[in-house]
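So the structure is just underneath, and the comments pick up after that.
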2 protein chains.
Amino acid sequence: MINDFMMQVGMMAPIIQAPMAGGVTTVELISAVSENGGLGSLGAAYLTPEVIRVTAQAIRARTDRPFAINLFVGGQEREPTNAQIDFTSDILEPWAQAYGIEAPGAPGPGIALDRQLEVVLDVAPRVFSFTFGMASPELLRACRSRGILTMGTATTVEEVKALTEAGVDSVCVQGMEAGGHRGTFLRPFEESMFGVLALTSMAVQATSLPVVAAGGLMTGGAIRAVLDLGASAASMGTAFMLCEEAGTSMAHRYMLALEKPRPTVITRAFSGRPARGIINRFHEQISAVQHLCVPFPALNDMTRDIRRAAANAGDPEALSLWAGQAYPLARDMPAASLMAVLLDEAKWFGA
Amino acid sequence: MINDFMMQVGMMAPIIQAPMAGGVTTVELISAVSENGGLGSLGAAYLTPEVIRVTAQAIRARTDRPFAINLFVGGQEREPTNAQIDFTSDILEPWAQAYGIEAPGAPGPGIALDRQLEVVLDVAPRVFSFTFGMASPELLRACRSRGILTMGTATTVEEVKALTEAGVDSVCVQGMEAGGHRGTFLRPFEESMFGVLALTSMAVQATSLPVVAAGGLMTGGAIRAVLDLGASAASMGTAFMLCEEAGTSMAHRYMLALEKPRPTVITRAFSGRPARGIINRFHEQISAVQHLCVPFPALNDMTRDIRRAAANAGDPEALSLWAGQAYPLARDMPAASLMAVLLDEAKWFGA
């Protein structure tokens, strides 16, 4: 039951722990998933090159199993205007005040993708996965020459085909159910909202590359389901967010486990880019004016201190509460136990 | 592999041919699906009581296997105003002219649901399925006393629970991938757009009733997938639309089989109620002003002649091109062959 993709990557279980940028994917979580036969992924988009390097070393100190590093390779085209910066600072000021911090000033320069990529090539994880766009031909070549398998993220059949033509090694199809940022890069995200079941069914016919399915997968039944559709593995993010190894904040954990779950929604309020999370007051207030704020990734930068302060205060109302549509099925257990439960539910005997 | 639900209904294959109101679900299609072990469904919402009776008799003349009749049990609350009627008539006039017919006048009184229900109770199909709301306790009781199994349609976990508490016999969960009208009845449809995989995963934990999954299911792999998630059967609509037995118009077939598929979108342009279909000019023009038009079902009535004329002219640009998200996977073959292919792909040996 171990398929070609798993063989190539070196996985014993058809489970990828999805890259969740923003601190959820700790060394402990990644290494636990990889140690248990899956593929842990480091969401490295917001990490400095130095932190990426040190984190990769720490993972390797814990496991000699393969892991992935994920970066954002697009969507950072627009520079914020002064008017946008002023407006954003004004609109965020009451939030900053509420948490006793200063209103955000101009966004920082951000982390240079090319320096992050240098470290990835140097560190050479088994898999380099990316989202928000297309890796350049040079980057794909450089990965290949270093024995790094590449995985692009697609939200439409059109994007699956574009990634295939670009020469990636595998494609992760992200259904509209997925928590966190949409990987859409060819069309507006509203036109790229496919259910994972429909998208996977079409993707496996549109490409001969291995397809990994993502979006709302929470149980072993869901793993079997996407394998039945022809996927080579299931990518699961939210499913791991309640694991003790995950870097999920207490306030975020609290919201994921609410007895009466709140809905999720796609919002640009936190970063400027569409992402799925549990609704809260910040989303409700900022969404209406987000188009006047600085664009991605500057907005992510300008909201960061408020989100941190809210997390420290244990207040979920100003956190980006990323979560997939089926988040009420998330289970609070150690990653190794969750892996065992998932494989048992999936009736997986390949491990 | 035949589960309790299938046993109770009398199905040999875990496939429900979904009810598609508007002429697609012909006697020939329904009886072919039921004869081949599935459950054919008559989309009867737009049919007069007399036609429902005659159609049911015609199905019974062709097969003694079980079948379902489906009706709309809600969403018809609002009466159109004169201003809405005038606006709608004006906006539709150029379309009527283009097909050489008169601009639509005031909408007719519609077909009385209670008279449709009388016939359903009298005809007593094996299954009465319904959408757009909740069947009354009296109706559910009447069905039970006549040996008719009931199936409600849910688009959220909340709706699954409401139907369960109301006492239906089974729940069809409709993922956001599904073609045609959304069954949503408790909240705005925008808040009720769950991928079928996530929704099924949650539904089977939220109810002890049999769950049928619908939305974007086109292949045997998709059937296996939803069974893996704990569903008792797959409900497939678009998958059957290219069958020669289906009442799908030539223009609609043409659009379903386009080499370069157009996107689908949820639109209120044709009926006033959100429904998924392939985009065309009518959708693009009317969607922007639909909120000023008469509400459902009056808008459906007022657009009917234009849709018919467009179909007769072989012009897809004014047709309601209902289609699920994975419609490019629809196969042009007789229903019996499609059933065999689906069961083969699903590795189903129960038949």
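Quick notes
- If the condition is being of a type in the set (A, V, I, L, M, F, W, C), within 14 Å of chain B (Cβ to nearest Cβ) and within 23 Å of residue B:156 (Cβ to Cβ), then region A:312-344 contributes A:323, A:326, A:329, A:330.
- In region B:287-300, the residue that is surrounded by the fewest Cβ atoms within 10 Å (Cβ to Cβ) out of those that are more than 30 Å from residue A:202 (Cα to Cα) and polar (S, T, N, Q) is B:290.
- Check on residue A:267, within 14 Å of the chain's Cα centre (by Cα), polar (S, T, N, Q) and at pLDDT 95 or above: no
- Residues satisfying the stated conditions in region A:80-110, i.e. surrounded by 21 or more Cβ atoms within 10 Å (Cβ to Cβ) and of a type in the set (A, V, I, L, M): A:92
- Residue that is away from every other protein chain (no Cβ under 14 Å), of a type in the set (A, V, I, L, M, F, W, C) and either over 22 Å from residue B:40 (Cα atoms) or in contact with an Asp or Glu (Cβ under 7 Å, 6 or more places away or on another chain) (or both), where the choices are B:258, B:292, B:197, B:229: B:292
- Residue list for region B:175-194, restricted to those being within 11 Å of chain A (Cβ to nearest Cβ) and under 23 Å from residue B:230 (Cβ atoms): B:175, B:176, B:177, B:178, B:192, B:193, B:194
- Strands (runs of 3 or more DSSP E) wholly inside region A:189-286 containing at least 2 residues that are touching a residue at least 40 places away in the same chain (Cβ under 8 Å) and surrounded by 24 or more Cβ atoms within 10 Å (Cβ to Cβ): A:211-214, A:233-236, A:275-278
- Annotation: residue A:150 fulfils all but one of (1) in contact (Cβ under 8 Å) with a residue 60 or more places away in the chain; (2) more than 9 Å from chain B (Cβ to nearest Cβ); (3) in contact with a helix residue (DSSP H, G or I) (Cβ under 7 Å, 6 or more places away or on another chain); (4) not hydrophobic (A, V, I, L, M, F, W, C); the unmet one is (1).
- Being at pLDDT below 95 and more than 30 Å from residue B:329 (Cα to Cα) holds for only one residue in A:147, A:110, and it is A:110.
- Among residues of region B:200-226 being β-branched (Val, Ile, Thr) and closer than 17 Å to residue B:237 by Cα, the one that is farthest from the other protein chains (Cβ to nearest Cβ) is B:212.
The values are calculated or read from the model by the stated rules, or taken from the named source; none is laboratory data. All values derive from a computational prediction rather than experimental measurement. A quick note on method: Cβ atoms are made from the backbone with ideal geometry, for glycine too, and the neighbour counts reach across all protein chains shown.
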